[in-house]
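**Student:** Take a look at this one; I'll ask things after.
We did not get these values from a lab; they are worked out from the coordinates using the rules stated. Computed from a prediction, not measured in an experiment: that's the story for all the values here. Reconstructed Cβ throughout: ideal geometry from the backbone, glycine too, with neighbour counts over all protein chains shown.
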Amino acid sequence: MAEFAWWEMHCDRNHVWWRSLSAAAEPSANDLVCPVDGEQAVTAGSRALADRAELRLIPAAWDDEGVVGFEDEYFVQITDHASGQFLRSAKTFDFDAACKRLSWFRRMTWPDAEREWGKVGLGETDDSAVAGSSVSFGETCE
Ligand SMILES: [Zn+2]
């Protein structure tokens, strides 16, 4: 169950506006006012979020009393918002490469993303692999 849902509102003059609200919430009086002309909404309908894997960039930077390392390195993680289950890359990537990796999973459901994970060279998720990933730092990843 998603934590929030979209609400789509229309006024009499055919303006359309959207609000994202927590899943259990109803639009407030303010949400029901047309942002263009201040008219009241004549229709309001909720739209549940589609089942999509969450895509995360996790900063890999470390800080040892002000000495910072791996500042521009990121782990890539995909998460099933329903169960909290996730897969996190063993390697780190620079920002652009991490975004490129994540973009592979856009529009995918969790089952599809989980199945595709192994095909894009993101490695294992277990903690020992993550800790050892710094050894392979600087490797070129395709
Ligand atoms: Zn309007």
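**Student:** I'd like the full set of residues that are part of a strand (DSSP E or B) and crowded, with 18+ Cβ neighbours inside 10 Å, limited to region 58-86.
**Tutor:** Matches in region 58-86: Tyr74, Phe75, Val76, Gln77, Ile78.
**Student:** Return the pairs, sorted by first residue and then second, in which the second residue is of a type in the set (S, T, N, Q) and in a strand (DSSP E or B), the first residue lies in region 4-25 and is on the phi < 0 side of the Ramachandran plot and within 16 Å of the ligand (Cβ to nearest atom), the beta carbons are less than 6 Å apart, and the residues are 6+ apart or on different chains.
**Tutor:** Hits for this filter: Trp7/Ser46; His10/Thr43.
**Student:** Filter region 87-107 for residues that are closer than 15 Å to Lys119 by Cα and assigned to a strand (DSSP E or B) and give the result.
**Tutor:** Leu87, Arg88 - these are the residues of region 87-107 that are closer than 15 Å to Lys119 by Cα and assigned to a strand (DSSP E or B).
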